[in-house]
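In what follows, a structure is listed as structure tokens, so that the remarks can point back to it.
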Amino acid sequence: MATSQWNTSLPLSDAWSGYLAEAQAQITTLNTRAVLLLLVNIPVLAIAVNVLRQLIIPRRASTPPEVFHWIPFLGSAISYGNDPLKFFFDCREKYGDVFTFILLGKRVTVALGPKGNNFILGGKSIVFNAEDAYTPLTTPVFGRDVVYDVPNEKFMEQKRFVKVGLSTDNLRAYVGMIEEEVEEYMRKEGTFRVFQANDINEWGQFDVVQVLQEITILTASRTLQGREVRGNLDKEYASLYNDLDGGFTPINWMMPNLPLESYRKRDRAHKKMSDFYVDIIRKRKAGNADADHDMIAALLEQKYRSGEALKDHEVAHIMIALLMAGQHTSSATGSWSLLHIAHNPDIGEALYKEQVQHFGTPDGKLRSMTYEELRALPVMDAVIRETLRMHPPIHSIMRYVRDDVPVPGTLSNPGKDKTYIIPKGNFVMASPAVSQMDPLVWKNPQHWDPSRWSDPEGVAAQAFKTYLDENGEKVDYGFGAVSKGTESPYQPFGAGKHRCIGEQFAYMQLGTLIATIIRNVELRIDQIPEHNYHTMITMPKTPRTISYRRRKFD
């Protein structure tokens, strides 16, 4: 009877299932709490361990000091990325000229000052390797078998080939082409509607970065890129360029294989642009194109030391590299130059008077410039030099360390015998920008002052002389003898074997561009924008709108 009642009121299976359900619910609750606790506490624990490691574990005497950071892997990425120069100066004050910081899991040892630049940029490429540092960024954009996708010796040969296309005769021809392109742009683009209205009283406005990006693409395509490229600068080409440019950012270097649409756009754009250049090359080889003796023609005539000619895709990819690298640096430096000129009307007037003095004609007009005349304009030269001092296009230059490297005692521990060792697998970083803004070297370095370059015995002139090193050490890295220049506190285009070989073209392009704009309009702006360090090339932040007014009636 009792058993029957038991079975009727609460079957054994139901009792067990209820117990198991309750236990499972409790376990699930415990698991959820445990997971939440782990999610909260693991990062906290990791941060705590990271902090304790830095505070408690003694640093080896041969190891450069490490910049204190809270979050492992992330390290100092945020403070470095937001304002690298402030980060460098703050670290130098605390740790000296040589220190290591963590950048998204990478150990980066920095060496500051002219000696630091000389140590890294003048180092042997078999130890401080640029290819290993930059190929994740450059190869998807420029293409395979060029620049950092080839051994250093082959890259030096490719630089020699490019230098042939930058001959003095070509530079002479480019001045007139650039002047024509800028004048045509101002006559036709909607940005300059007020100028086109032939009104000398009304002020117009333009976004300096947008205008300079468009003008430098036009001028680079007209000069370096060739007639076929200039004739195809349509919306599709501009879209391809923008997609390719979208893959040339710091995040692409730090994380080269993210499954993002911008990465896919970059790859599709590279393929189409590469095919575009290869098609031009094949038509020229077949004799089906009427072409000038431009950069493509110069490259097609070159051969490696082995006797092998450049392949079509190598020429195409070098042309892409020239377009990307040249356009970025010129548009950035041109933008900063015009911003400072607009902020200093007296400099703008000095530039205009210089144009009138050298190129004025009896009828009150200004004749065209020549390459030699452009190089002999002291005010223009000082403006460009000073702009490059304050706003070098690239603030940091990196190399991958292939072998353990001792840091010279004079750099790591001045006056002491101890020497730091940078271990294999680290990255090293130089920052010529720090030397160019160092108050220990330059008077009022935060002040844009082109007049500092007029004193032949002044700091600026001596720094430039060391950079050119006209009577000193010359080094031939395979693309012609150049000054080493690695010990100068002024290195706007880098130094050593990876020094930019296009600096003569850059000076010519910038000088012609600025002169043509200054001839036509006055410029004004109330405040200089801050730096945007979140791009590969340091650009001005918004707002960056310049006001302009036409100088004379047509």
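Could you check how many residues of region 510-551 are among the aliphatic types (A, V, I, L, M) and either in a loop (DSSP other than H, G, I, E, B) or under 19 Å from the mean Cα position of the chain (by Cα) (or both)? Qualifying residue count for the region: 6.
If you go through region 383-404 and keep only what is open to solvent by less than 10 Å² (accessible area, probe 1.4 Å), out of contact with any strand residue (DSSP E or B) (no Cβ under 6 Å at 6 or more places or on another chain) and in a helix (DSSP H, G or I), you end up with Val383, Ile384, Glu386, Thr387, Arg389. Count of region 158-193 residues, restricted to those that are open to solvent by 20 Å² or more (accessible area, probe 1.4 Å) and within 23 Å of the chain's Cα centre (by Cα), is 3. Yes or no: Val356 open to solvent by 30 Å² or more (accessible area, probe 1.4 Å), in contact (Cβ under 8 Å) with a residue 12 or more places away in the chain, part of a helix (DSSP H, G or I) and not hydroxyl-bearing (Ser, Thr, Tyr)? When the stated conditions are applied, Val356 does not pass them. The residues listed here are Ala309, Ala321, Ala316; of these, the one that is over 30 Å from Met390 (Cα atoms) and surrounded by fewer than 22 Cβ atoms within 10 Å (Cβ to Cβ) is Ala309. Evaluated against (1) over 24 Å from Met437 (Cβ atoms); (2) buried (at least 19 other Cβ atoms within 10 Å of the Cβ), Asn152 falls short on exactly one condition, (2).
Here the helices (runs of 4 or more DSSP H) wholly within region 1-100 that include at least 3 residues being under 57 Å from the mean Cα position of the chain (by Cα), at pLDDT 90 or above and among the aliphatic types (A, V, I, L, M) are 12-56.
Table: residues versus (1) buried (at least 23 other Cβ atoms within 10 Å of the Cβ); (2) closer than 28 Å to Lys283 by Cα; (3) modelled with pLDDT of 95 or more.
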residue	(1), (2), (3)
Phe195	no, no, yes
Glu202	no, no, yes
Thr216	yes, yes, no
Thr219	yes, yes, no
Gly226	no, yes, no
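Among the residues of region 262-291, those identified as without any contact (Cβ under 8 Å) to a residue 60 or more places away in the chain and open to solvent by 80 Å² or more (accessible area, probe 1.4 Å) are Arg264, Lys265, Arg268, Lys271, Lys272, Arg282, Lys283, Lys285, Asn288.
The values are calculated or read from the model by the stated rules, or taken from the named source; none is laboratory data. What you see is a predicted model, and the numbers here were worked out from it, not measured in a lab. In this analysis, Cβ positions are derived from the backbone assuming ideal geometry, glycine residues included, and neighbour counts consider all displayed protein chains. Ligands, DNA and RNA are stripped out before the accessible areas are found, and what is left, the full protein with its side chains, is counted by its heavy atoms. Shrake-Rupley method; radii C 1.70, N 1.55, O 1.52, S 1.80 Å.
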